[in-house]
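Structure first, then comments.
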Amino acid sequence: MNDETKRLIDLDKRHLWHPFTQMADWLAGEPVVIESGDGFYLIDTDGNRYIDGVSSLWCNVHGHRVRKIDDAIRTQLDKIAHSTLLGLGQTQSIELAEKLVQIAPPGLEKVFYSDSGATAVEIAIKMAYQYWQNIGQTDKTKFIALKEAYHGDTIGAVSVGGMDLFHGIFKSLIFETHYAPSPHPYRFDGTPQQCAAHSLAAMEDILKAHSNQIAGIVVEPLVQGAAGIIVHPAGFLKGVESLARKYDTLLIVDEVAMGFGRTGKMFACERENIQPDLMCIAKGISAGYLPLAATLTTQAIFDAFAVSGDIKKTFYHGHTYTGNALGCAAALASLELFAENKIIETLPEKIELISQYFTRFAELPFVGNVRQCGMVGGIELVKNKQTKEPFPSDKKIGAKCCAAMRPKGVMMRPLGDVIVLIPAVAMDTQTLTKLLDIVEETLISNLPKIVRGF
């Protein structure tokens, strides 16, 4: 460790409070300090290179320091970095809105910008709520979500989240939400389709009892990310859409983590031909370059707000950096790269490669379950493969396993004892193979030693 690294770590420990981090553990450790990036690698202040195995928290798409995106930001910076959308238009946000509507599921015609996944969800919740108020159905004020759901950390997003570890302490601050069980086949006593049917039946029971009160159903399409990469059984999302239509409520899909190619399609909704009423996007929208998010909705919902002379039907919501020009420029360049490099068309080969490795991983000791949806994977480590008994959470087996990958040149971040694999969708097969080889070698060589060590 060089002197500059030591200096930065000392300053970090004196002044920074890191997100989703037990700071007592952080202060006791020796953190890695990232200084730069190169393609699909992160480079620390000591010059060590790491494959970015989780896309810098699931947002990087094309790699780091991509010339086309870098140039687009520099070009826009020579014009203007930011101007407000309150009462003004802005070139980049207008151009991007058109492109987003073109690639979105059919029916989504309007784009409302914000700056994070949580704010995109917050906006969707408020739009759905006010939509029913504006059209006179004022009893529709409640929402349905899935247990173990994660939609962000602002109060509205927390209110439709179902993760007690993250949000339980804030219960007195949040509004009431109805929860249906997550369809988690590995933790369900039955087939995947029985698991899906069980969750859908529970959701329908809520709708039958409260249909005149439900403003919307909020769901992470196909994969519940923060819950541990829970991959929903095929057809579950379509079943949720059918229930929303049957009981006249709005379908809100949170594509923040799974959008922009993660599931093998541009958006997860495409996998089951879903047409949501509201769609939340962030993370990959700017290719992981700058904070940017958007909530897309239908003309019908928009029209309920666009009522001349009625100021009470205005959507009173906005952010200072809404539609930031630099973020939108990065997003436009990213979408051009999707087309130029045929990113979506290249995914099947890489998805199959991950599948082949995961099939092998499933046979290893202490690997209870492997889950994959497109370029997204989860490897659940358990104490007993037969009974599915988990490790004690305080042993931090997943974290120790990921830490063992760092000296080998891979940067990963687990979710409890689920090792998460979310490489950039544009990652070349050679780098992806190297990443998977290191994961495999760690599971074979290091994991048994880690388990024996506790």
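Summary of computed values
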quantity	calculated
Residue satisfying condition, being over 22 Å from F315 (Cα atoms) and among the basic types (K, R), within set K147, K142	K147
Among residues of segment 229-262, those that are in contact with a helix residue (DSSP H, G or I) (Cβ under 6 Å, 6 or more places away or on another chain) and among the hydroxyl-bearing types (S, T, Y), counted	1
Selection status of F143, among the aromatic types (F, W, Y), in contact with a helix residue (DSSP H, G or I) (Cβ under 8 Å, 6 or more places away or on another chain), at pLDDT 95 or above and more than 30 Å from P390 (Cα to Cα)	yes
Restricting segment 298-323 to residues that are in contact with a helix residue (DSSP H, G or I) (Cβ under 6 Å, 6 or more places away or on another chain) and not in a loop (DSSP other than H, G, I, E, B), the residue that is nearest to L337 (Cα to Cα)	I301
Residue among L222, L237, L250, L243 that is surrounded by fewer than 24 Cβ atoms within 10 Å (Cβ to Cβ) and within 30 Å of T191 (Cα to Cα)	L243
Residue selected from segment 283-297 under the condition among the hydrophobic types (A, V, I, L, M, F, W, C) and assigned to a loop (DSSP other than H, G, I, E, B), by the criterion farthest from V66 (Cα to Cα)	L292
Identity of the residue in segment 105-117, surrounded by fewer than 24 Cβ atoms within 10 Å (Cβ to Cβ) and small (G, A, S), that ends up nearest to L250 (Cα to Cα)	G107
Residue match in segment 122-136 (condition: without any contact (Cβ under 8 Å) to a residue 12 or more places away in the chain, loosely packed, with under 15 Cβ neighbours inside 10 Å and not in a helix (DSSP H, G or I))	yes
Sole residue being among the aliphatic types (A, V, I, L, M), surrounded by 15 or more Cβ atoms within 10 Å (Cβ to Cβ), more than 21 Å from the chain's Cα centre (by Cα) and not assigned by TED's automatic domain parsing to the domain that holds S393, chosen from I9, I43	I9
Residue check, I43 closer than 14 Å to M411 by Cα, outside any loop (DSSP other than H, G, I, E, B) and free of Cβ contacts under 8 Å to residues at least 24 places away in the same chain	yes
Test: residue in segment 300-310 that is of a type in the set (D, E, K, R), surrounded by 13 or more Cβ atoms within 10 Å (Cβ to Cβ), modelled with pLDDT of 95 or more and under 23 Å from E98 (Cα atoms)	yes
Residues satisfying the stated conditions in segment 191-212, i.e. modelled with pLDDT under 95 and either exposed (fewer than 14 other Cβ atoms within 10 Å of the Cβ) or under 11 Å from G239 (Cβ atoms) (or both)	N212
Residue satisfying condition, being under 29 Å from G398 (Cα atoms), at pLDDT 95 or above and not β-branched (V, I, T), within set P276, P233	P233
Qualifying residue in segment 137-157 (condition: assigned to a helix (DSSP H, G or I) and either free of Cβ contacts under 8 Å to residues at least 12 places away in the same chain or surrounded by 20 or more Cβ atoms within 10 Å (Cβ to Cβ) (or both))	yes
Pairs with Cβ under 9 Å, 6+ apart, first in segment 441-454 and farther than 11 Å from P365 by Cβ, second charged (D, E, K, R) and outside any helix (DSSP H, G or I)	F454/K396
Set L100, L77: member being within 24 Å of the chain's Cα centre (by Cα) and either surrounded by 14 or more Cβ atoms within 10 Å (Cβ to Cβ) or not assigned by TED's automatic domain parsing to the domain that holds L415 (or both)	L100
Of the criteria (1) touching a residue at least 60 places away in the same chain (Cβ under 8 Å); (2) of a type in the set (S, T, N, Q); (3) over 20 Å from V121 (Cβ atoms), which one N273 fails	(1)
Looking only at segment 80-97, and only at residues there that are of a type in the set (S, T, Y) and assigned to a helix (DSSP H, G or I), the one that is surrounded by the fewest Cβ atoms within 10 Å (Cβ to Cβ)	T91
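The values are calculated or read from the model by the stated rules, or taken from the named source; none is laboratory data. What you see is a predicted model, and the numbers here were worked out from it, not measured in a lab. Cβ atoms come from the backbone with ideal geometry, glycine included; neighbour counts cover every protein chain shown.
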